[in-house]
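Novice: I'd like to ask you about the structure that follows.
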Amino acid sequence: MIDLHTVPTANGYKASIMLEEVSLPYRVTAYDLLKGENLKPELLALSRVGRLPLIVDHDVEGGSLTVYGSAAILQYLAEKTGRFLPKDRRERAKVIEWMGIISSDISPAYSGQFVFNVVAQDKQPWAVSFYDRLCRRMVKIMDDQLATTPFLTGAEYTIADMLAYPVAAVSMKRFPGNLDEHPHIARWAAEISARPAVQRGMTVPA
Ligand SMILES: N[C@@H](CCC(=O)N[C@@H](CS)C(=O)NCC(=O)O)C(=O)O
């Protein structure tokens, strides 16, 4: 059994989509970030980062194992199940590279855009424009990549696609707001959204 500690955000959906894709049994604990539940001592005892998602795998040699962060969770579950991560070194490197681009370049750009353009009461024009421009750059690199391959890193659906899909479905649809301007992302997102496991994962936590 795996415990998934999560929130209904793009990062949370990345983990639940993978758990659904590999059909491992899991139970969900949901947190309310607005109430600061992510800083509860019980959660900090599992990971001192105080952010979600994280999993606790009870079915592992040597005792329960906690893994925090969407990219680490997807790679851990891919290695545990032998699925969605190519064995070939070159192909695998590209999946890991794109997981880094999604986690370290694209997702933080959208977090900044959300904080400065949506959440902030006092909108700072310089910060709003900085993150808007950054997001437009990031959405274009992903669209250009998907113009060259059916999935993010080639012909196969991998954990890089699972990591990227919620960013497209949640963040990129919010801003710039119309995936029609990014036809390759729109084509790819439509294909991924038809997967039953993805549909289930996008409703966790209920
Ligand atoms: N790098 C992490 C980021 C996780 C993250 O930012 N989680 C947010 C929710 S989407 C969170 O828990 N925020 C609470 C906080 O920062 O206090 C991942 O990819 O999972």
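Novice: Could you go through segment 13-23 and let me know if any residue there is open to solvent by 70 Å² or more (accessible area, probe 1.4 Å), more than 15 Å from the ligand (Cβ to nearest atom) and either at negative phi or part of a loop (DSSP other than H, G, I, E, B) (or both).
Specialist: Scanning segment 13-23 turns up at least one residue that is open to solvent by 70 Å² or more (accessible area, probe 1.4 Å), more than 15 Å from the ligand (Cβ to nearest atom) and either at negative phi or part of a loop (DSSP other than H, G, I, E, B) (or both).
Novice: Same structure, new question: Any chance you could count how many residues in segment 48-75 are open to solvent by less than 50 Å² (accessible area, probe 1.4 Å) and farther than 21 Å from Gly201 by Cβ?
Specialist: The qualifying residues number 3.
Novice: If the requirement is being assigned by TED's automatic domain parsing to the domain that holds Met142 and surrounded by fewer than 20 Cβ atoms within 10 Å (Cβ to Cβ), which of these qualifies: Val119, Val28?
Specialist: Result: Val119 is the single residue among Val119, Val28 that is assigned by TED's automatic domain parsing to the domain that holds Met142 and surrounded by fewer than 20 Cβ atoms within 10 Å (Cβ to Cβ).
Novice: What pairs come up if the first residue lies in segment 107-125 and is over 24 Å from Ser70 (Cα atoms), the second is away from the ligand (no atom under 13 Å from the Cβ) and not in a helix (DSSP H, G or I), and their beta carbons are under 9 Å apart, counting only those six or more places apart or on different chains?
Specialist: Asn117/Lys123; Asn117/Phe175
Novice: Follow-up. Within segment 53-67, does at least one residue satisfy the condition of being more than 11 Å from the ligand (Cβ to nearest atom), assigned to a helix (DSSP H, G or I) and not charged (D, E, K, R)?
Specialist: Taking every residue of segment 53-67 in turn, none turns out to be more than 11 Å from the ligand (Cβ to nearest atom), assigned to a helix (DSSP H, G or I) and not charged (D, E, K, R).
Novice: Out of everything in segment 31-47 that is touching a strand residue (DSSP E or B) at 6+ places or on another chain (Cβ under 9 Å) and in a loop (DSSP other than H, G, I, E, B), what residue ends up being most open to solvent (accessible area, probe 1.4 Å)?
Specialist: Tyr31
Novice: Another one. For residues that are without any contact (Cβ under 8 Å) to a residue 60 or more places away in the chain and open to solvent by less than 60 Å² (accessible area, probe 1.4 Å), tally how many sit in segment 158-189.
Specialist: Here the count works out to 10.
Novice: Please pick out the residue among Ser129, Ser47, Ser107, Ser103 that is over 20 Å from Leu146 (Cα atoms), at pLDDT 95 or above and not assigned by TED's automatic domain parsing to the domain that holds Arg27.
Specialist: The match here is Ser129.
Novice: Which is more than 25 Å from Lys87 (Cα to Cα), out of contact with any Leu (no Cβ under 8 Å at 6 or more places or on another chain) and either in the same structural domain as Ser103 (by TED's automatic domain parsing) or not basic (Lys, Arg) (or both), of Met172, Met202?
Specialist: Met202
The values are calculated or read from the model by the stated rules, or taken from the named source; none is laboratory data. Values in this document were obtained by computation on a predicted structure and should not be read as measured data. With ideal geometry, Cβ positions are generated from the backbone for all residues, glycine too; neighbour counts draw on all protein chains shown. Quick note on the areas: whole protein, heavy atoms, side chains included, nothing else; ligands and nucleic acids left out. Shrake-Rupley method; radii C 1.70, N 1.55, O 1.52, S 1.80 Å.
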